[in-house]
Amino acid sequence: DTEDRCQILQKVCSKVKTASDVDLFSLADRAKHCSGADLQAMVYNAQLLAVHAALDEVVEGSKNNDGAPLSGDSGAKHRPTPVITGEHLEQVLSDLRPSLSSAERKKYDRIFKEFKRAHQASKGDDDDEPGDPWWEKGTKSTLLCG
């Protein structure tokens, strides 16, 4: 669900620099049926766009007004940090396709439900306790974000 995807995006984005205009909840809501790996690929592809944008800044900053290269090492002084913007993520999201088909998702959901039901039956209760593992809390995101 959206909350699980948002948690995954938060975890993945904690490893990269993002701009303040990035709305992870909105992205998670629109990335329906995407796996954790799909979401990670989305962020890393957006990071590549940010790197290209930063490199373009360096190239443009190393030219004078008529477009000719500057002499010396003036480009080395200006090294912008790649920052993933909402625009980068939107661009990647527009091309993103879930890696699992609908049939595969249904199959894995069925396996997860059977696993959860079998574990609860062997334990003898249906209550969610604070120390219960992820499969007893009914969420898959903890496994991916753990």
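Please treat every number below as a calculation from the coordinates, not as lab data. What you see is a predicted model; the values in this text were computed from it and never measured.
Report ³J(HN,Hα) in whole Hz for each residue of the stretch 26-31, in order, from the Karplus equation J = 6.51 cos²θ - 1.76 cosθ + 1.60 where θ = phi - 60°; Gly and Pro get x.
Going residue by residue, I get 5, 4, 4, 5, 8, 9 Hz, with x marking Gly and Pro.
Roughly speaking, what is the stretch gain from Phe112 to Asp21, that is 0.36 nm per residue apart minus the C-alpha to C-alpha distance, in nm to one decimal?
Numbers: separation 91, 0.36 × 91 = 32.76 nm, distance 3.54 nm.
Contour length minus Cα-Cα distance gives 29.2 nm.
Would you compute the Debye intensity of the stretch 1-54 from its alpha-carbon atoms alone, equal scatterers and no solvent, and pass along log10 I(q)/I(0) at q = 0.17, 0.19, 0.22, 0.31 Å⁻¹ to two decimals?
Debye output, listed in q order: -0.48, -0.60, -0.79, -1.36.
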